[in-house]
Amino acid sequence: ALASPDPGYTDHAELLDIVEEVVTEHSGIARSTVIGTSYEGRDIVAVKISDNAATDEDQPEVLFVHAQHAREHLTVEMAVHLMHMLTDGYGEDARITELVDSREIWILPNVNPDGSEYDMAGGTWRNWRKNRQPNAGSRSVGTDLNRNWDYRWGCCNGSSGSPSSATYRGSAPESAPEVRVIADFVRSRVVGGEQQITSAVDFHTYSELVLWPFGYTYGEVVPGMTREEYDTHEALGTYIAQANGYTPQQSSDLYITDGSIGDWLWGDQRIVNFTFEMYPRNARQGGFYPPSSVIERETARNEEAVLRLLDYADCPYRIVGAQA
Ligand code: 0X9
Ligand code: CA
Ligand code: ZN
């Protein structure tokens, strides 16, 4: 955006224009829907990419979530890159064509537009993480969306109960309208009693990691996670990380979190999922604010990783030789 601290990054108006252009130029395989609105009333959009995009076919579905955290702008660029890769590659690249034909891919390119816009709105970045929802009885604004999910919410010292904290968990699970919108969308993909989404990635920055659940515990095999389910996450996460050069590990190996999307997607919805922490590896390389000159390289870096996830979406458990 022109007025932003780095015009090479995509602001929300530009993102909506890009979505519009993608679905107009590829109307057979790309559709967008507004699945809800943010606290301040901005559209939260889902882009579906699949053959016969207008029809709900019985195909494995894959979810990509971007920008729960406002300052992690590279994740919005990742969504833009994926939309272009999957639509421009269709009919050009045999592997992409096959995956778009056989999967239903949901991209949520910015689930925290209020936070993103706030972070970009000045001449310098504001280092904002949370949404922009006021908190009763406090002058501090915002809930950390990635601590507001309804699975073992606030259980384990992996979030804060103070509105002034960057990891404030909110007043109740799904108290953030953005989390409610995404959760309702995911629940709406239960068709005939079966969750259609088999696999997901939640994109963040930074540290170059591929993380899998659970985040609330250091335990691997715990209630809601069998040995085979853990091994599936570990094996698929490791295979995916070989493609992008990130470090694969359980979420809690980074630090304990509770109320994260990854724990909810697995614990509540049984969706095999990963959190990607994108470029850079460390703060010296720009932290949350690498220059926009890295966007092309660092989003293209995840092409093969995403294709591997899409490939395994028919049955992620086959990576350990098992069946769903
Ligand atoms: O703290 C977070 O929400 C993520 N890191 S970030 O620097 N992007 O804020 C990590 C979430 C990892 N997921 C779990 N630990 N469950
Ligand atoms: Ca289809
Ligand atoms: Zn994040």
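All of the numbers you see were taken from the coordinates with simple rules; none came from a lab. Everything numeric here is computed off the predicted structure, so don't read it as measured data. Note: ideal-geometry Cβ built from the backbone for every residue, glycine included; neighbour counts use all protein chains shown.
Mean shadow of segment 50-107, computed from the convex hull of its alpha carbons, in nm²?
4.2
Which order do the peptides 133-141, 168-176, 11-19 come out in when sorted by mean C-beta neighbours inside 10 angstrom, highest first?
Per-residue Cβ counts within 10 Å, averaged per peptide and sorted highest first, yield 168-176, 11-19, 133-141.
Just the Cα atoms of segment 229-324, one point each, no solvent: what log10 I(q)/I(0) does Debye give at q = 0.18, 0.24 Å⁻¹?
The calculated log intensity ratios at q = 0.18, 0.24 Å⁻¹ are -0.94, -1.34.
Excluding Ala54 itself, calculate the net charge of residues whose Cβ lies under 14 Å from the Cβ of Ala54, where each Lys or Arg counts +1 and each Asp or Glu counts -1.
For residues surrounding Ala54, the net value is -2.
Can you compute the helix-only [θ] at 222 nm over the chain? Use -39500 (n - 2.57) per DSSP H run of at least 4 residues, normalise by all residues, nearest 500 deg cm²/dmol.
After summing the helix terms and dividing by residue count, I get -9500 deg cm²/dmol.
If a cysteine in the chain has no other Cys Cβ under 4.7 Å from its own Cβ, put it on the list, ordered by number.
Lacking a cysteine Cβ partner under 4.7 Å: Cys315.
How big is the C-alpha Rg of the chain next to the rule-of-thumb value 2.2 N^0.38 Å, as a ratio?
Dividing the Cα radius of gyration by 2.2 N^0.38 Å gives 0.92.
Can you give the percent of C-alpha pairs in segment 87-209 whose distance is more than 17 Å?
67
Want the number for Glu21 to Val191: 0.36 nm per residue separation, take away the alpha-carbon distance, what's left?
Taking Glu21 through Val191 to full extension adds about 58.2 nm, to one decimal.
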